[in-house]
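Chemist: Before we start, here is the structure in question, set down as structure tokens.
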């Protein structure tokens, strides 16, 4: 089953740090640049956000919405897209993405965009390691989270 997700990518992000740009063209993944020219219909989407109710298997039929930006910019993006129902990744998932910010703190439970998408799909029982094919820290991420992974 192909994932169904809309990923809104902030213009100006360093492409070397973007964890999802190489997934363009993957069936089921749609990308939009931010700022948005027009607001898409997000009424069925679930925004992945660290401060929301937990994502469960019951949410599996709804498309996901991910905001791809630094944590500092993601808050402004969230306000700009307007109200969207949100869910958080179940506890225990750990990021392998090397964080280096000297100006702000990242959420302790925050994951890189590709990690969040992968973890959400695993929550639905849809493990798809091919999503991590271009992620430089895939082996570390899978090792850190091995106890949470459904069988592949």
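Chemist: Please go through region 50-59 and pick out each residue that is crowded, with 16+ Cβ neighbours inside 10 Å and modelled with pLDDT under 95.
Modeler: 50, the sole residue that qualifies.
Chemist: Also, quick follow-up: So which residues in region 13-38 are surrounded by 10 or more Cβ atoms within 10 Å (Cβ to Cβ) and in a loop (DSSP other than H, G, I, E, B)?
Modeler: Passing the criteria: 13, 17, 18, 19, 20, 24, 26, 28, 35, 36.
Chemist: Please work out which residue is modelled with the lowest pLDDT, limiting yourself to region 85-116 and to residues that are closer than 15 Å to residue 68 by Cβ and in contact with a strand residue (DSSP E or B) (Cβ under 6 Å, 6 or more places away or on another chain).
Modeler: 113
Chemist: Now a separate question. State yes or no: is residue 93 under 19 Å from residue 128 (Cα atoms) and surrounded by 13 or more Cβ atoms within 10 Å (Cβ to Cβ)?
Modeler: yes
Chemist: Residue under question is residue 82, and the condition is that it be closer than 15 Å to residue 118 by Cα, touching a residue at least 40 places away in the same chain (Cβ under 8 Å), over 12 Å from the mean Cα position of the chain (by Cα) and exposed (fewer than 13 other Cβ atoms within 10 Å of the Cβ); does it hold?
Modeler: Here the answer is no, as residue 82 does not meet what is asked.
Chemist: Further, regarding this structure: Count, please, the residues in region 138-152 that happen to be surrounded by 13 or more Cβ atoms within 10 Å (Cβ to Cβ) and either at positive phi or more than 15 Å from the chain's Cα centre (by Cα) (or both).
Modeler: Summing the residues that are surrounded by 13 or more Cβ atoms within 10 Å (Cβ to Cβ) and either at positive phi or more than 15 Å from the chain's Cα centre (by Cα) (or both) in region 138-152 gives 6.
Chemist: Do we find that residue 7 is within 13 Å of the chain's Cα centre (by Cα), over 17 Å from residue 124 (Cα atoms) and modelled with pLDDT of 95 or more in this structure?
Modeler: Yes: the conditions hold for residue 7.
Chemist: Could you figure out which of (1) assigned to a loop (DSSP other than H, G, I, E, B); (2) buried (at least 18 other Cβ atoms within 10 Å of the Cβ); (3) at pLDDT 95 or above isn't true of residue 44?
Modeler: (2)
Chemist: If you don't mind, another one. Would you pick out the residues in region 128-152 that are over 23 Å from residue 18 (Cβ atoms) and not in a helix (DSSP H, G or I)?
Modeler: Across region 128-152, the qualifying residues are 149, 150, 151, 152.
Chemist: I'd like the full set of residues that are under 16 Å from the mean Cα position of the chain (by Cα) and outside any loop (DSSP other than H, G, I, E, B), limited to region 47-68.
Modeler: Selection gives 47, 48, 54, 59, 64, 65, 66, 67, 68.
Chemist: Of the residues 54, 42, 48, which is closer than 24 Å to residue 97 by Cβ and touching a helix residue (DSSP H, G or I) at 6+ places or on another chain (Cβ under 8 Å)?
Modeler: Criteria check complete, one pass: 48.
The values are calculated or read from the model by the stated rules, or taken from the named source; none is laboratory data. Source: prediction; values computed, not measured. In this analysis, Cβ positions are derived from the backbone assuming ideal geometry, glycine residues included, and neighbour counts consider all displayed protein chains.
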